[in-house]
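The values are calculated or read from the model by the stated rules, or taken from the named source; none is laboratory data. These figures come from a predicted structure and were not determined experimentally. The accessibility values were calculated without ligands, DNA or RNA, using every heavy atom of the protein model including side chains. Shrake-Rupley method; radii C 1.70, N 1.55, O 1.52, S 1.80 Å.
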Amino acid sequence: MSGRGGKGFYSTPDGNYHSTRTGTPNGRQSPVDIIPISDSESESEDYFEETSTHSKSNGKAHSKPNGKASSDSLKTGGKTSSFSEGLMGSGKGGKGSASFSVGKGGKGSASNAKPAKSDPELKLELDMPPNSRILMDCEAAEMLQQIHEHMAILSEDPKIKIPESFDKAFQYAKEGNHFTTAKSVKQILEPLKKYGVTDGEICMIANIGPETIEEVYALVPSLKATKELNESLVTEALDALANIKASK
Amino acid sequence: MFFHIVLERNMQLHPRHFGPHLRDKLVAKLMKDVEGTCSGRHGFVVAITGVEDVGKGLIREGTGFVTFPVKYQCVVFRPFKGEILEAVVTMVNKMGFFAEAGPVQIFVSNHLIPDDMEFQSGDVPNYTTSDGSVKIQKESEVRLKIIGTRVDATEIFCIGTIKDDYLGIISDPGAAS
């Protein structure tokens, strides 16, 4: 798994971006096929590649230019810490990162022309069948609750065994559920779709249950790309979600 | 992340099941075969929510078994890279800790645990900050980010990190709430 630049893309020293498919000698970008990438390593946001197995670094805009931001510990607000710096540490450790590709230490990158895509989004496009519908944890909890009630009747029959993964998934969905009803969450987050927020991102917001907008941008870096569009909307949505949470 | 998807499977039924309850027997067999399994492509099949369509059966030559193509809806759970999950720690050792989120196992290497947390061995092995304010041990709830998944035919295994903003411990079983 490549850690740098990905397959089929390279950047020239003068800072222009080229695809090996359509690279032009004079450095001009092809208007159609080229997908510009930064010359930093946190490229998973920028380009769409089927074989990409890059893990997500914490996003370009997020890392400090010298890539040496202090690595904050748990759940601290406000400071940017470079995920990639931790990976540098693991690189020095010499193991662990080999088979799970993670981006190398960020250098602080130029902006990209293409809107950033998060890994779940990429995966959703690639791997899940087209007729699949993503579910928030709260929606899944409600669905599984209904099935559980049916299963309670079935489980009286000793021949029928309830699979372990059902129990685990049901517990997980119930416990991870911050909100009262899925419907109310959907009503609050649905309008964000009109402003370029994808289903995957909406689900991540619902599942995480963030308290502040900074938390949202830290944990769902792809939203930063459309920050100007969605900042006020996401803030409003967070306030509305906080009301539902409080009433639980 | 949970998904609600439509899958298709060819179910083989022995002639002894043929009769007025053929469809029920087919659905029961489907549930028995599919629920609780994991495929690398779709993730863990948590539960079947409905059967959309049962196609015409084809009698197999020589055996008498009949193959029915069945389309069904199910809830699956599949982790993705970049996803943020809340998981419960199941084991802690000096290499890192294992956590569980639903049916998925996630490993967080010590290289992806913040540098100011150190492994403390003992009866209850844990990772603790230098000032002792934060402790990750068995049954702790942590928020982590998945940075890698390995899929094979029947299993998904994940690697996670807590070395990032807004990640780390949510609740400590030892602390007073």
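In degrees, nearest 10, range 0 to 90: what is the angle between the Cα axis of helix B:22-34 and the longest Cα principal axis of chain B? Between the helix axis and the principal axis of chain B, the angle is about 30 degrees.
Sorted into 10 angstrom bins from 0, the C-alpha pair distances of segment B:2-77 split as 19, 49, 25, 6, 0 percent.
Based on Cα contacts under 8 Å between residues 6+ apart, chain B shows a relative contact order of 21 percent. Accessible area of B:R78 (1.4 Å probe, protein heavy atoms only, ligands and nucleic acids ignored): about 10 Å².
Remark: C-alpha extents of chain B on the principal axes read 71, 28, 27 Å, sorted largest to smallest. Contact order, relative form, for segment B:2-77: 46 percent (alpha carbon pairs under 8 Å, 6 or more residues apart, mean separation divided by residue count). Looking at segment B:84-176, the accessible area is 41 square angstrom per residue; that uses a 1.4 Å probe and ignores ligands, DNA and RNA.
Take the accessible area of chain A alone and of chain B alone, subtract that of the pair, and you get about 5000 Å² summed over both chains, using a 1.4 Å probe.
Dividing the radius of gyration of the alpha carbons in segment B:84-176 by their Kirkwood radius gives 0.96 for Rg/Rh. Of the cross-linked pairs A:K174/B:K81; B:K81/B:K135; A:K224/B:K135; A:K227/B:K145; A:K174/B:K138, those separated by over 29 Å at the C-alpha level are A:K224/B:K135. For segment B:52-84, accessible area lost to neighbouring protein chains reaches 20 Å² or more, against the chain alone with a 1.4 Å probe, at B:V75, B:R78, B:F80, B:K81, B:G82, B:I84.
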